[in-house]
1. What percent does the relative contact order of the stretch 70-197 come to when contacts are Cα pairs within less than 8 Å and at least six residues apart?
2. Could you state the angle between the C-alpha long axis of helix 173-187 and the longest principal axis of the C-alpha atoms of the chain, as a value from 0 to 90 degrees rounded to the nearest 10?
3. Round to a whole number: what % of the accessible area of the chain belongs to carbon and sulfur, probe 1.4 Å?
4. Measure nothing fancy, just the Cα-based angle from helix 66-88's long axis to the longest principal axis of the chain, in degrees from 0 to 90, nearest 10.
5. State the extension gain, in nm to one decimal, for the chain segment bounded by LEU121 and TYR238, taking 0.36 nm per residue of separation less the distance between their alpha-carbons.
6. What order, most packed first, do the peptides 43-49, 188-194, 246-252, 71-77 have when packing is the mean number of other Cβ atoms within 10 Å of each residue?
7. Which whole-number percent is the relative contact order of the chain (Cα, under 8 Å, 6+ apart)?
8. Between the stretch 137-171 and the stretch 176-209, what is the separation of their alpha carbon centroids in Å?
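The values are calculated or read from the model by the stated rules, or taken from the named source; none is laboratory data. Fair warning: this is a prediction, and the values are worked out from it, not measured in the lab. Because the Cβ atoms are built from the backbone with ideal geometry, glycine has one as well, and the counts that use them run over all protein chains shown. These accessible areas exclude ligands, DNA and RNA; they are computed on the full protein's heavy atoms, side chains included. Shrake-Rupley method; radii C 1.70, N 1.55, O 1.52, S 1.80 Å.
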Amino acid sequence: MKLLKTLFSSLGLIKKLSFNDFKARFSGSYFGILWAFVQPIVTILIYVFVFQVGFRAAPTDSGYPYVLWLIAGIVPWFFFSEALLSATNCLVEYSYLVKKVVFKIEVLPVVKILSALFVHLFFIVFAVVIYFANGYTLPLHFLQIPYYMIACICLVFALSYLTASIVPFFRDFAQIVNILLQIGMWMCPIMWNESLIASNPMLLTVLKFNPMYYIVSGYRSSLMGGSWFWQNPRLTIYYWAVVVVLFFIGQRVYGKLKVHFSDVL
């Protein structure tokens, strides 16, 4: 496809812009890029205090402490939400590049996704350190972390071209995406255990329609041991079918609206 060919031919540009974007987000602040890591860590600590200390969350059915169970689920969500929000606003943020006729604006969503990936890689290492600090070793299933990370990147990639195409014409759409992400976080079993609704098979089935359920469950299986991704063929096929459909919709909308971006920005 034309979009994929353009991205492949611009790998060098994407790499350079992604690194520059990551540094530029915190340029001028005293602690610089440290803020990219401080805020998510503080958020995790707040959730642990609220749910484990305040609500006295019981040990999970996996046998792991709540804090480890939470980290395994929230780390991929942090990446997904940050990458999607950043990619959604990329055309507005880089409007001066969009107006340049010779610049390949197709790379901008990917630049934002890779910029968020730098922080995500740190938090995977952070999660591993926390697990070891609590006396837990990583299971063999940890080898599938790259697979689930790539799967999450593909989901954001598929969504971002759709959301980024709408924002130049309807600026409020970025706020709608932000609200939907907040709702989606609570609809996904990140801070609560899906066993709570095990008695309602229909509700549990609806829960699995959320593509991020596949990613969150996959990260937990990778860090705490569970199943390999090929042991859930129906869920795996469903996930990738959703990604493909979203990608075709996104790139088609993007292709139709691309010629008008410079006029409205």
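1. On the way: 96 pairs, mean separation 52.0, N = 128.
It rounds to 41 percent for the stretch 70-197.
2. It is inclined by approximately 10 degrees.
3. Details: 9630 of 13700 Å².
Of the solvent-accessible surface of the chain, carbon and sulfur hold 70 percent.
4. Taking Cα atoms only, the helix is inclined about 10 degrees.
5. Numbers: separation 117, 0.36 × 117 = 42.12 nm, distance 2.62 nm.
Computed gain between LEU121 and TYR238 is 39.5 nm.
6. Ranked by mean Cβ neighbours within 10 Å, highest first: 71-77, 188-194, 246-252, 43-49.
7. Values: 268 pairs, mean separation 68.5, N = 265.
26 percent.
8. 18
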